Amino acid sequence: MAEGWARELGGNRVVVQSAGIEAHGKNPRAIAAMREAGIDISSQESTIVTKEMLDKADIVVTVCGHADEQCPVLPAKVKKIHWPLTDPAKATGSEEAVMNEFRATREEVKKRITDLLAQLHAGVAS
């Protein structure tokens, strides 16, 4: 979801790559939640972060609880930002309750991406 929002809201002002310490495949609920917001993330793939990605990065944003602790060592020039978001893929309950978790996460990610892009534009990303 973060990659989708960053591409949508950042346009050609940013280069976005999304990867993690584990690949989880496509999540149909994340795709559906983003489709509701008018963003198609169905072609995005879950990939594993590489040294080459980190060497090219200016900023790495980790999301969800354990991602911060599991993040590989970053080059000195790379700024790390952690967003301790709830992982909606771990939500339980009815389909509607689970989708509501995805929607809430979608909106929280949108807000954080919007704020980060504004900080980048102002030259003060934190």
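Okay, here's what the table says:
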| read-out | value |
| --- | --- |
| Spatially proximal aspartates and glutamates relative to Lys90 (Cα-Cα < 18 Å; intrachain offsets below 8 disregarded) | Glu22, Asp68, Glu101, Glu107, Glu108 |
| For His82, residues with placed amide H under 5 Å, excluding near neighbours | Thr62 |
| Projected label distance in nm at Glu108 and Ala32, using a 7 Å step from Cα toward the beta-carbon | 2.0 nm |
| Accessible-area value, Ser43, 1.4 Å probe, nucleic acids and ligands omitted, Å² | 90 Å² |
| Stretchable slack from Ile81 to Ile48, in nm (0.36 nm times residue separation minus alpha-carbon distance) | 10.0 nm |
| Amide proton proximity set for Ile59, modelled H, under 5 Å, gap of 5+ | Lys79 |
| Solvent-accessible surface ranking, highest first, for Glu22, Glu52 at 1.4 angstrom | Glu52, Glu22 |
| Charged-residue dipole, Cβ positions (Lys, Arg, Asp, Glu), the range 6-126 about Cα centre, Debye nearest 20 | 340 debye |
| Per-residue ³J(HN,Hα) for the range 18-35, Karplus 6.51 cos²θ - 1.76 cosθ + 1.60, θ = phi - 60°, Hz, x for Gly and Pro | 10, 7, x, 7, 9, 9, 10, x, 7, 9, x, 6, 5, 4, 5, 4, 6, 4 |
| Value of D in µm² per second that Stokes-Einstein yields for the range 15-126, Kirkwood Rh from Cα pairs, at 4 °C (1.567 mPa s) | 85 µm²/s |
| The chain, relative contact order [Cα under 8 Å, separation at least 6], % | 25 percent |
| Candidate lysines for bridging to Lys111, where Cα separation is under 17 Å - those fewer than 8 sequence places away on the same chain excluded | none |
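The values are calculated or read from the model by the stated rules, or taken from the named source; none is laboratory data. None of the values given here were measured: they were computed from a predicted structure. Every residue, glycine as well, gets a Cβ built from its backbone with ideal geometry; the counts of neighbours run over all protein chains shown. Areas reflect the complete protein model, heavy atoms only, side chains present, ligands, DNA and RNA absent. Shrake-Rupley method; radii C 1.70, N 1.55, O 1.52, S 1.80 Å.
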